[in-house]
1. Please work out, to two decimal places, the log10 of the ratio I(q)/I(0) at q = 0.18, 0.21 Å⁻¹ from a Debye calculation in which every Cα of region 342-425 carries one identical scatterer.
2. Given a 10 angstrom Cα cut-off, can you work out which residue in Gly244, Gly303, Gly82 is the most mobile in a GNM of the chain?
3. Might you report the magnitude of the Cβ-based charge dipole of region 149-275 about its Cα centre, with Lys and Arg at +1 and Asp and Glu at -1, to the nearest 20 debye?
4. For region 125-150 and region 33-103, compute the distance between their C-alpha centroids and round to whole Å.
5. Measure nothing fancy, just the Cα-based angle from helix 234-243's long axis to the longest principal axis of the chain, in degrees from 0 to 90, nearest 10.
6. Relative to the Cα centre, what is the charge dipole magnitude of region 41-146, using +1 at the beta carbon of each Lys and Arg, -1 at the beta carbon of each Asp and Glu, and rounding to the nearest 20 debye?
7. Normalised by the number of residues in the chain, what is the relative contact order in percent for Cα pairs under 8 Å and 6+ residues apart?
8. Over the alpha-carbon set of region 151-300, work out the extent along each principal axis and list the three values in angstrom, largest first.
Amino acid sequence: MSCDVLTIGLAGLGTVGSGFVHLLSENKEELRARTGCDIRLKSVAVRDTTRQRNLPDGVQLLNDPMQLATDPEIDVVIELMGGIETAKQLIARSLENGKQIITANKALLAEEGACLFRLAEEKKAALRYEASVAGGIPIVETLKESLTGNRINSLEGILNGTGNYILSEMTSKGRTFDAALADAQEKGYAEADPTLDIDGYDTAHKLVLLIRLAWGVDYPYTEMPIRGIRNLDRMDIEFAREFGYRIKLLGRAKMRNGQLEAGVFPTLVNHTYLLARVGGAFNAVRLEGNAVGSLFLHGLGAGSLPTASAVLGDLVSIARHNNRLNSGFYQQVLPKANILPPEQACSTYYMRFMVKDDPGVLRDLAGALSDQGVSIAQAIQKGQSEGAVPLVFMTHEASVQAVSKAVDNMRRADFLLAPAICYRVMG
């Protein structure tokens, strides 16, 4: 890799790829001033080479991304295609051929990243991924470099703009889930198939990466508890507001007595907290370190230019020969996390039950909770929906296991007219 010219190959020319090409040209002089290099885009791999593309003169279009991995002139391969198998093959082959790597592919790194990080370590190569989490928010480098003098105690964040936009619309405009989702799709915030976003999987992918950076351990994606916001009821938005909370889809992780507790859940956040005030398609991350205390990072979590900005930041680091410690830890092959069994995780809870308006129902529900050691802090009963009355409880801290067993006992006793709604409350 020449110190005068850095030659790159780009795989994918979608939203982020197009933004990257635009910024690479627009910020050419700034990039040279920061790196001492002329950055040359040699080749771009796309599915359809016959389409008109807005590319600088001399850039070669390819329909096979593997050509980037074998081109001896290319120093850095930037993978912005998405997907798992082809992207994994491209990155692995590029590393084998001595290339440095930049990717925005959180799903790939969360599900298959261990082998790629291991290969990058063997080849003494950079595998950089700032753009994979929270778009333009510099959370990866913050954990990898700026906070290395800290022991991270906890992190939690709004890591998916689509889900946050839907919840914001439901909260501020009183929309139903379906109406807010349709609006998000119309505005381009949500895909035609929104499963990854609204079912929490996208947030979980990002949380896996943040856990690696914060604690130097691997929390397998397949073992993470995940619950999304699909069909979340506007009624719960309103009840949460009465208690002084907003509902947000959060990825959360913290150390509890030497074990790592993590997961993705709809969560009630006190309206005075900064996380509760993050609206629209924005992302935010809150960190707690033993030295710095609480830190809050907020910004656009997706989009062409914010995400491309993160890709360019990684490119500058590579140009400066900052190519090691991809995990943020000296040990690059990370051990598996000592995971707190999800059923032992404890939280205060918001619980809503749809029941018949009969004498003794409140007593029976409270008894079922009490039998499992779950105590009630507050209760609301009002309104009616097709003959059913909502009973809403805010509990004191209880385990997942206790809450689940209490609800299961209610169901078996035929107390409930609809499935119980149980959301965690951010403490």
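1. -0.68, -0.93
2. With Cα springs under 10 Å in the chain, the top fluctuation among Gly244, Gly303, Gly82 is at Gly244.
3. Using only the charged Cβ atoms, the result is roughly 560 debye.
4. 22 Å
5. So the inclination is approximately 80 degrees.
6. 80 debye
7. Here the relative contact order equals 17 percent.
8. Principal-axis extents of region 151-300 (Cα, largest first): 42, 32, 24 Å.
Values in this text are rule-based calculations from the coordinates and carry no lab data. Predicted model, so just to flag it, every value in this text is computed and none were measured. Using ideal geometry, Cβ is built from the backbone for each residue, glycine included, and neighbour counts are taken over all protein chains shown.
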